[in-house]
Amino acid sequence: MIPVKVEEKLFQNRYRVDSGRPHINIKNPATCQSECKTQECTICCPAGCYTAEGNGQVVLITDGCLECGTCRIICTTYRNVDWEYPRGGYGILFKFG
Amino acid sequence: MDEKFDAIVVGAGPSGNAAAYTLAKAGLKVLQIERGEYPGSKNVQGAILYSKALEEIIPDFRDDAPLERHVIEQQMWVLDDESYVGSTYRSAEFNKEPYNRYTIVRAQFDKWFSKRVQDAGALLVCETTVTNLIMDGQRVIGVQTDREGGSVYADVVILADGVNSLLAKKAGFHAELEPKDVALAVKEIHFMPEETIQSRFNIAEGEGVVIEMAGKITQGMMGTGFLYTNKDSLTIGVGCMLSDFKQQKITPYLLLEQMKAHPAIKPLIEGGEMKEYTAHLIPEGGYKAMPKLYGDGWMIVGDSGMFVNAVHREGSNLAMTTGRYAAETIIDLKEKKLPMSARNLALYQGRLEDSFVMKDLKKYKNMPEIFHKNNQFFTTYPELVNRAAHTMLTVDGVDKKTKEREIRKSFKQRRSLFGLMGDAFKMWRAFE
Ligand SMILES: Cc1cc2nc3c(=O)[nH]c(=O)nc-3n(C[C@H](O)[C@H](O)[C@H](O)COP(=O)(O)OP(=O)(O)OC[C@H]3O[C@@H](n4cnc5c(N)ncnc54)[C@H](O)[C@@H]3O)c2cc1C
Ligand code: SF4
Ligand code: SF4
């Protein structure tokens, strides 16, 4: 595998972050930590918004979110992702798309 | 905004724009709501524009639409780790006006389309997210937005809100998407001088090449890669089924990075300046995964209705066509002064059934399943095809007949003759 930092890719993008109002939330963090063994969100999010901490905890930071919907659909067993679009005008702003 | 409209269109992608344009042109009072800063700011495509669907809505679109290059050559590559076997189709036909397909850049294209929609008389409100449908019993009577006092009403609401289709889901019209019914695509845009693109791809000014790729680049997942030429940029991306990403635990941007490093691809993008990285879902479940498309006071068009033909990489054209059909249905009912009830809106389904839209989707209805169950199409075959080409093309003193026998043997070893015939049969049945 070729090492690459997703941050370097996201750095090229334009965002208007709605500070303090994340549009995606983990419903029950304890489920991620103690029940979900697979934690696909930490692998398959194309913007690397979900991080697996060493202790099993999953941390979500939506600033770089591309609003694709993957994390919501992929969490099939626990349906633990509360997913909305950002407020109008906020979030990713594609220059080219 | 306590005004009432004839129709509200949620979304300003190709489906929403086609619907709003058609309605406004017929003189209906239309409100279109888009959550992005401008139309296109949330949207992602490869992007190939098929002329026909747009021509039927805006015949003179070529006059001022932001078109990148007209496509004169289509390549299909089957890749192994270090090599690829490719086919090229280039035709002088494709180089005759009016051109049949173009590469586009969606943010620019959607902005242009939206300008035409507004010129036709529709009212567009951007930077506004529709949060819920307003219901009166079973009937949709309007939408709630995230603006203050943001409820608006209409006789009918067209849901052109794209693949995630949150609104219909919240209203209980359909269930959550399954990972096996959507592909996740990631892509980048790389800028370089026009002349560099022209010499690298052996094309003249204004001419374009598209390359579709399958094989090792998807690391065993069901999916494809693509490389398209724009005027002074290239888009490169890869999309695979979400169920495969989930099961095989593959990180999308690592997959893309690996693909970019392939010895056949790397020199084509060399020296480009990467200016944007995007990700988007594509609804690829096909006919069998389609949701209910209309009800009392509402209709679904475009990606939110699963209108994508994955085999032929058609999406935006189906979006525009379904948007137009929905609008024409509404116009018909208005003229006859009929209510926008489920019963009357069933005419939309009828229009779809009679057209290429449903005919094509039905024709390929078994494709997703076939590919899901037969991942050799994405793993074993590309490898074998490349090895076969290598064997045939290496001059090493072994006669061709012996080589052919060896190739046949290697195919059979990896997959039984019965399996091979079964695959051919399945493909034939799916395309037939
Ligand atoms: C990588 C990739 C490559 C593709 N390549 C091709 C190709 O080469 N050719 C082709 O024909 N098709 C292609 N497609 C498919 C094509 O992009 C889609 O089929 C098409 O964009 C669908 O149009 P749409 O209008 O239905 O949805 P979208 O284009 O997704 O538009 C939906 C709009 O609704 C807005 N919206 C959503 N929710 C709300 C809300 N609650 N409130 C307000 N606004 C909202 C969004 O901001 C967006 O503007 C590709 C897709 C991808 C991802
Ligand atoms: S997949 Fe769902 S349950 Fe598992 S860690 Fe991610 S959000 Fe939590
Ligand atoms: S929507 Fe997509 S980009 Fe955003 S957090 Fe979920 S998976 Fe990541």
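The values are calculated or read from the model by the stated rules, or taken from the named source; none is laboratory data. These figures come from a predicted structure and were not determined experimentally. Cβ coordinates were reconstructed from backbone atoms using ideal geometry, including for glycine residues, and neighbour counts include every protein chain displayed. Keep in mind that these areas ignore ligands, DNA and RNA; they rest on the heavy atoms of the full protein, side chains included. Shrake-Rupley method; radii C 1.70, N 1.55, O 1.52, S 1.80 Å.
Full extension of the chain segment joining B:Gln349 with B:Lys249 gains 32.1 nm, where the gain is 0.36 nm per residue of separation less the Cα-Cα distance.
For B:Thr224, the residues whose modelled amide H falls within less than 5 Å of its own, excluding neighbours fewer than 5 places apart on the same chain, are B:Gly239.
This model, with +1 at the C-beta of Lys and Arg and -1 at the C-beta of Asp and Glu, gives the range B:177-253 a dipole about its Cα centre of some 440 debye.
Computed on protein heavy atoms with a 1.4 Å probe, the accessible areas place B:Leu23, B:Leu254 in the order B:Leu254, B:Leu23, largest first. With K and R counted +1 and D and E -1, the other residues having a Cβ less than 13 Å from that of B:Glu205 yield a net charge of -3. In the assembled protein chains, B:Lys409 presents an accessible area of approximately 120 Å² (probe radius 1.4 Å).
Considering only B:Tyr89, B:Tyr253, B:Tyr381, the Gaussian network model of chain B with Cα springs below 10 Å gives its largest mean-square fluctuation to B:Tyr89. List the residues, sorted by chain then number, that are 5 or more residues from B:Gln32 or on another chain and whose placed amide H is less than 5 Å from its amide H. Amide H to amide H, under 5 Å and 5 or more residues apart or across chains, B:Gln32 pairs with B:Val9, B:Leu123, B:Leu124, B:Val125. Relative contact order of the range A:37-83, taken over Cα pairs closer than 8 Å and 6 or more residues apart, is 32 percent. Among the trypsin sites (Lys or Arg not before Pro) found in the range A:13-72, those both in a DSSP coil and sparsely packed, with 11 or fewer other Cβ atoms within 10 Å of their Cβ, are A:Arg14, A:Lys37.
Amide H contacts for B:Ile141 (H built 1.01 Å from N in the peptide plane; partners 5 or more residues away or on another chain; cut-off under 5 Å): B:Ile134, B:Met135, B:Asp136.
Averaged over the residues of B:127-136, the number of partner chain Cβ atoms lying within 10 Å of the residue Cβ comes to 2. Computed over chain A, relative contact order equals 39 percent, with contacts defined as Cα pairs under 8 Å that lie 6+ residues apart. In a reduced charge model with +1 at each Lys and Arg Cβ and -1 at each Asp and Glu Cβ, chain B shows a dipole moment near 1620 debye about its Cα centre. Using all pairs of distinct alpha-carbon atoms, the Kirkwood hydrodynamic radius of the range B:210-362 works out to 17.9 angstrom. Given +1 at the Cβ of Lys and Arg, -1 at the Cβ of Asp and Glu and no other charges, the dipole of chain A around its Cα centre is 240 debye to the nearest 20.
For the pair the range B:248-277 and the range B:51-104, the centres of their Cα atoms are 22 angstrom apart.
Couplings 3J(HN,Hα) for the range B:138-146, derived from phi with the Karplus relation 6.51 cos²θ - 1.76 cosθ + 1.60 (θ = phi - 60°), are 8, 9, 7, 10, x, 9, 9, 10, 8 Hz, where x marks Gly and Pro.
Counting only alpha carbon atoms, the long axis of helix B:14-25 and the longest principal axis of chain B meet at about 40°. The B-A contact accounts for roughly 4200 square angstrom of buried accessible surface, both chains included, probe 1.4 angstrom. Comparing Cα centroids, the range B:354-387 and the range B:291-307 end up 25 angstrom apart.
Note on B:Val143: accessible area is roughly 0 Å² with a 1.4 Å probe, heavy atoms of protein only. With contributions of -39500 (n - 2.57) from each DSSP H run of at least four residues, the per-residue ellipticity at 222 nm computed over chain A stands at -2500 deg cm²/dmol.
Kirkwood hydrodynamic radius of the protein assembly as shown, from the reciprocal of the average inverse Cα-Cα distance over all distinct pairs: 24.2 Å.
Seen through its C-alpha gyration tensor, with square-root eigenvalues sorted a ≥ b ≥ c, the range A:6-92 comes out prolate because a/c lies at 1.5 or above while a/b is bigger than b/c.
Only alpha carbons enter this Debye calculation for chain B, each as an equal point scatterer, and the log10 of I(q)/I(0) it gives at q = 0.08, 0.10 Å⁻¹ is -0.48, -0.74. Tilt of helix B:380-393 relative to the longest C-alpha principal axis of chain B, in degrees (0 to 90, nearest 10)? It works out to around 40 degrees. Looking at this model, which pairs from B:Lys336/B:Lys359; B:Lys42/B:Lys170; A:Lys9/B:Lys359 are more than 31 angstrom apart at the alpha-carbon? Too far apart for the 31 Å limit: A:Lys9/B:Lys359. Of the beta bridges in the protein assembly as shown, as assigned by DSSP with both residues counted there, near 70 percent are antiparallel.
Taking θ as phi - 60° and the Karplus parameters 6.51, -1.76 and 1.60, the scalar couplings of the range B:229-245 work out to 9, 9, 4, 10, 7, 10, 10, 10, x, 8, x, 9, 5, 4, 4, 6, 4 Hz in sequence order, x denoting glycine and proline.
The mean number of Cβ atoms from other chains found within 10 Å of a Cβ in peptide B:271-278 is 5, as a whole number.
Computed from phi, the 3J(HN,Hα) profile of the range B:253-261 under the Karplus parametrisation 6.51, -1.76, 1.60 (θ = phi - 60°) reads 6, 6, 4, 5, 5, 4, 4, 5, 8 Hz, with x in place of Gly and Pro.
When only alpha carbons of the range B:101-189 are considered, Rg and Dmax amount to 16.2, 47 Å. If you roll a 1.4 Å probe over the range B:99-252 with all protein chains in place, what percent of the accessible area is carbon or sulfur? Accessible surface attributable to carbon and sulfur in the range B:99-252 totals 46 percent. Among the listed pairs B:Lys260/B:Lys373; B:Lys231/B:Lys266; B:Lys52/B:Lys288, no Cα-Cα separation exceeding 30 Å is found.
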